[in-house]
1. So, in segment 45-90, exactly how many residues are among the small types (G, A, S) and more than 30 Å from F4 (Cβ to Cβ)?
2. Among what's in segment 21-68 and is among the acidic types (D, E) and more than 22 Å from L79 (Cβ to Cβ), pick the residue that is surrounded by the fewest Cβ atoms within 10 Å (Cβ to Cβ).
3. Among the residues of segment 78-88, is any loosely packed, with under 10 Cβ neighbours inside 10 Å and farther than 20 Å from I19 by Cα?
Amino acid sequence: MEAFVQILKITAGAALGIIETAMILRAVLSWIIRQDSRLLDFLALITEPFIMPLRLLFDKMGWFEDSMIDVPFMLTFILLLIVETVLSVF
C-alpha cells in the first residue's frame, strides 16, 4: 500500500510539473508567436481545463474584468504550485 501511495505521489507530481511547464510555455510564447499558432492551441488544450473553473468564477462575479493581466491564469498557476508543494511534503 505504501508503494502505491508513493507511485501515486510521483505520478501526480510529474503531471503537475507538466501542466505548470505548459502554462509557462503558453504565457511566454503568447508574447512571441501569433495567436493562431498550432503550438499555442495545443498548450491551451492542455492548460485551459485547469484554468476554466476560475475563469468562469471570475467572469460570473465580475472580478478583474478590465484587467490587462490574466488573473485566473496566474491564480491557477499558484494553486498548482501549492498543491505540488503539499504533495511533496506528505
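Read the figures in this text as sums done on the coordinates, not as results from a lab. Just so we're clear, the structure is a prediction, and the values are computed from it rather than from any experiment. Cβ placement follows ideal geometry from the backbone for every residue including glycine, while neighbour counts extend to all protein chains displayed.
1. 2
2. In this case the residue turns out to be D66.
3. no
Residue-wise test of (1) farther than 30 Å from F90 by Cα; (2) hydroxyl-bearing (S, T, Y).
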position: W31; (1), (2): yes, no
position: S37; (1), (2): yes, yes
position: L40; (1), (2): yes, no
position: M52; (1), (2): no, no
position: K60; (1), (2): yes, no
position: P72; (1), (2): no, no
